[in-house]
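Enquirer: One structure, pasted below without further comment.
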Amino acid sequence: MKYVIVGIGGQGILFTSKVLGKIAIDKGLPVIGNEVHGMAQRGGSVISHFKVGDYRSPLVSEGHADVLMAFDQNEGIRSLAFLREGGTFLVNINEPCALENAHLKKHLSDKKIQTCPFLGYEILDRHMGGNYLFLNVLILGAASGMKAEGLEEEQVAAALKELSPPKHLKANLKAFELGMKVINP
Amino acid sequence: MGKKALLLGNEAIAQAVVAAGCQVATAYPGTPSSEVLPAIAACADRLGAPTVVEWGANEKVAFEAAIAASFAGARACAVMKQVGLNVAADPFMSGALFQLKGGMLLISADDPGPHSSQTEQDSRFFAMFAKVPCLDPSDPAEAAAMVKDAYTLSEKHGVIVMLRPTTRVSHSRQTVEVVEGFELGTPVKFEKDAERWSPLPATVRRAHPHHNTRITRIQKEFEVDWGRYNRERPAKGKAALGVVAGGVAFSILCDLLDEWGRDDVAVLKVGTPYPLPSALVEDFIARHEKALILEEIYPVIEMQLLNRAKADGRWNGVVPSAGELLPEVIERIVLSRLGETPSEPDVSELSAAVEELKLTPRKPQLCAGCPHRASFFAIRRAIPKAINPSDIGCYSLGVNQKAVDTALCMGGAVTVSSGFYMAHKATGQTHPIVAALGDSTFFHMGLPGLLSAVYNKHAFVLCVLDNSLTAMTGGQPHPGLGGKPRKNDKGTAVPIEAAARGCGVSFVEAVDAYSMGAGAEAVKRAWEHAKTHSTPAVLVFRHPCMLLRVPQEKIPVTVLEDKCIGCRYCIDYFACPGLVFDEEKRKTSLDIRFCVSCGICAAGVCPHGAIAAQKEGESA
């Protein structure tokens, strides 16, 4: 299983890969991945690679990711080359017409990519008092809603319970539910 | 089997350092090495280990303290990034010749790419320069395993051992067993022996040949006893290609070969690039008709071969001489050596979309609400024609606001200002110079330059952007704060103003970085003082870093569309992620995804008054 997670520095991407890691470890599966710290993380494009299984290197090659999780539509589109044919593309969009570009639509259909766009900011505005820090858990909720590559609701929720700081646990579980509802309203 | 956890490479290294009985651990933060020392402190706290864990004011300070602990018999460790080793080069080069007592581990983390560095230099080269053994891990778990072996090697031969992780080791997470115990350290008793601990020329004449013999012995050991790090992944049958690979390049190559299902490529993993286990490598190359060398970033393995013409590598341009060896780069090189063309997936539609949508990588930038943004705006506004040297850290991002002209190295803001002053003086000119550097950088290497500038009467303004932590590397404490890594350990805070006055600076003032008007006035005053008295003036811009999440007043702002004339002044000189330019409307608008309602932009950024604080009851 190979994930690529992209977004903008400061969006809380690292927490998402920690949750994915916890789930894999609980299943007894080996994990290796790479994250971005330092200058590169400061408000710029960031990318996390994450592999579950018998791998040695932390990096996902282009065309080999099973799932691409994008916290930002532009970063997501720029990173689509990582996704394999038939892969899953979860993308937080801030402009409803983000995926309307004709070339983009052709690419997504040619490569049989399962696309799941959602208006994360709008959902968080409506239900979480506009606190965008919960975007990372929202996207995890959407991923488990899609059952992306075997992510089960119970496992994700259990990992969230263990990894959330106590003061954010309730809100994180709510954001997770909201993410699930994106897929199964 | 013990408990497993998903650890960052730097955390895996750190717990191995504690487990190995390290008694003194020092560091100066720098990406990608920064997390090692805090993780050593956390692990020592968890296990109750007696390790003394400290940040040095810079890497030279940190290294010297660690190696002296080894003189006294303690197991020691110094951690830094590759450019930090440049700062510590002096004690590293001379310490290399010593017959040390306690084990001495140097962790120097490299940054191929680079992702967060001003050079792409290779610390293995530095190890070769100093003739000290170097271990090059291929993943976090191996990096952790190497720590214990590094201490054994160091104590057996009395030599510094370098562990050289790269960004893809330091910042990778891997399932690693959690350390539950630690070895007792070595007895500490400094034995006086001036000849051993003071490298006078007569001593060095004996020490250098001894050092040479020692490194030759280590080379033999690497060839014979270090099979766990220097090992072959054989091909099935006759190999079409033999690849010598070190570090993460080995891991990437293995994954690629597995992915392709290929077994006609033999790989020799080299985990000890210096001294090179030449017998192994030369034999491997001789056994293969075609051979290739993959290592990051310089040709260190290559250059140690007696005849490198027998293998492809950097010397003949097969491997690029700059940049990271990413999977796609290695794929291209390996397949081309096999006489095959990589099957590039067709992404023409995607490329066309990216072009049409004008999507480019997002540049690093100061956080919304960052006090540095306000400081830079004030600095630039005060004296627009001033030369603005800056430094290494978040404030190098002042380039986005056109408020940074140079960034040479740590502490360079001060000495570069001196150089500009001297160059103008030589031609009878005085040009305003307003430099900026951070609080931690001020202590790191700003002080010697400042002292020198006072002594030599150099006129410039030095703005110290004090945000109460070392921000770029993730928020470490520094001498100005007095915090220390281990629980219940407190240091003494050295205020920036006191340090500046102690260097003889006659103008020292502090302003709240958020008060841009007062900041600009203070810059003008400081420059007048500097010019009149031919001396450096120090101005501290103070406000906590946004990463500290100190509660502060929320001042929601709004862009008044009728007043905005689309001049882009706020975009070009304030450069906040909360303000974006709408190319269609030709007006600035608020990006609520990033705005943190710090209110700075409403305090006089827009020359036309188009950015204003929202009145109560109004909505965005």
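Enquirer: Enter the mean number of other protein chain beta carbons within 10 Å of the beta carbon of each residue in B:343-352, as an integer.
Expert: 6
Enquirer: If we count other beta carbons within 10 Å of each Cβ, what is the order of B:Ser170, B:Ser468, fewest first?
Expert: Lowest count first: B:Ser468, B:Ser170.
Enquirer: Just checking the output field for B:172-179: average partner chain Cβ neighbours within 10 Å of each residue's Cβ?
Expert: 5
Enquirer: Report the Cα-based extents of the range B:471-619 along its three principal axes, largest first, to the nearest Å.
Expert: 53, 48, 28
Enquirer: Let me ask something else. Across the range B:223-262, what fraction of all alpha-carbon pairs, as a whole percent, falls in each successive 5 Å bin from zero upward?
Expert: Cα pair-distance distribution for the range B:223-262, in percent: 6, 18, 28, 27, 15, 5, 1.
Enquirer: If packing is taken as the mean number of other Cβ atoms within 10 Å per residue, what is the order of B:218-227, B:117-126, B:412-421, A:135-144, highest first? Walk me through the numbers on the way to the answer.
Expert: Working: B:218-227: 17.0, B:117-126: 21.8, B:412-421: 23.8, A:135-144: 26.4.
So the peptides B:218-227, B:117-126, B:412-421, A:135-144, ranked by packing, come out A:135-144, B:412-421, B:117-126, B:218-227.
Enquirer: Treat every Asp and Glu Cβ in the range A:2-183 as -1 and every Lys and Arg Cβ as +1, leave all other atoms uncharged, and give the resulting dipole magnitude about the Cα centre to the nearest 20 debye. Numbers along the way, then the final one.
Expert: Working: 20 positive and 19 negative charges, 38 e Å.
Roughly 180 debye, rounded to the nearest 20.
Enquirer: What is the antiparallel percent of DSSP beta bridges lying wholly in chain B, to the nearest 5?
Expert: 25 percent
Enquirer: Taking every DSSP beta bridge that has both residues in the protein assembly as shown, what percent is antiparallel when rounded to the nearest 5?
Expert: Percentage antiparallel, nearest 5: 30.
Enquirer: Per-residue counts of other Cβ atoms within 10 Å, averaged by peptide: what ranking do you get for B:346-357, B:195-206, B:550-561, B:325-336, highest first?
Expert: The densest-packed peptide leads the list: B:325-336, B:346-357, B:550-561, B:195-206.
Enquirer: Here's a follow-up. Compute the Kirkwood hydrodynamic radius of the range B:231-337, taking the inverse of the mean of 1/r over all pairs of distinct Cα atoms, and give it in Å to one decimal.
Expert: One over the average 1/r among Cα pairs gives 13.5 Å for the range B:231-337.
Enquirer: Give me the base-10 log of I(q)/I(0) for the range A:1-76 at each q in 0.11, 0.17, 0.23 Å⁻¹, Debye formula, one uniform scatterer per Cα, rounded to two decimals.
Expert: Values, matching the q order: -0.26, -0.61, -1.05.
Enquirer: Another question about this same structure. Quick one: net charge of B:Asn400's neighbours, Cβ under 10 Å, K/R +1, D/E -1?
Expert: Within the 10 Å Cβ shell, the charges total +2.
Enquirer: Count the DSSP beta bridges whose two residues both fall in the range B:4-224, then state the antiparallel fraction as a percent rounded to the nearest 5.
Expert: Percentage antiparallel, nearest 5: 20.
Enquirer: Would you kindly compute the Cα radius of gyration of the range B:4-224 and its largest Cα-Cα separation (Dmax), both in Å?
Expert: Just the Cα atoms of the range B:4-224 yield Rg and Dmax of 16.2, 52 Å.
Enquirer: Can you tell me the Rg and Dmax of the protein assembly as shown, counting just the alpha carbons, in angstroms?
Expert: 27.5, 82
Enquirer: Also: Among B:Leu97, B:Gly84, B:His210, whose Cα lies farthest out toward the positive end of the dipole of the range B:4-224, if unit charges sit on the beta carbon of Lys, Arg (+1) and Asp, Glu (-1)?
Expert: In the range B:4-224, that residue is B:His210.
Enquirer: For A:50-58, what's the mean count of beta carbons from other chains sitting within 10 Å of each residue's beta carbon?
Expert: Averaged over the peptide's residues, the number is 6.
Enquirer: What would the Debye formula give as log10 I(q)/I(0) at q = 0.06 Å⁻¹ for the alpha-carbon point model of chain B, no solvent?
Expert: The Debye formula, applied to the Cα set alone, gives -0.39.
Enquirer: With a 10 Å Cβ neighbour count serving as the proxy for reagent exposure, in which order, fewest first, do B:Cys134, B:Cys576, B:Cys254 appear?
Expert: The order, fewest Cβ neighbours first, is B:Cys254, B:Cys134, B:Cys576.
Enquirer: For a bin width of 5 Å, list the pair-distance distribution of the range B:557-613 built from all Cα-Cα distances, rounded to whole %.
Expert: Answer for the range B:557-613: a P(r) of 4, 22, 37, 27, 9, 1 percent.
Enquirer: Same structure, new question: On each of the three principal axes of the Cα atoms of the range A:2-183, give max minus min coordinate, whole Å, ordered largest first.
Expert: Computed over the Cα atoms, the extents are 45, 41, 34 Å.
Rule-based calculations on the coordinates, nothing more; no lab input. Computed from a predicted structure; not experimentally measured. All Cβ positions, glycine included, derive from the backbone under ideal geometry; neighbour counts span all protein chains shown.
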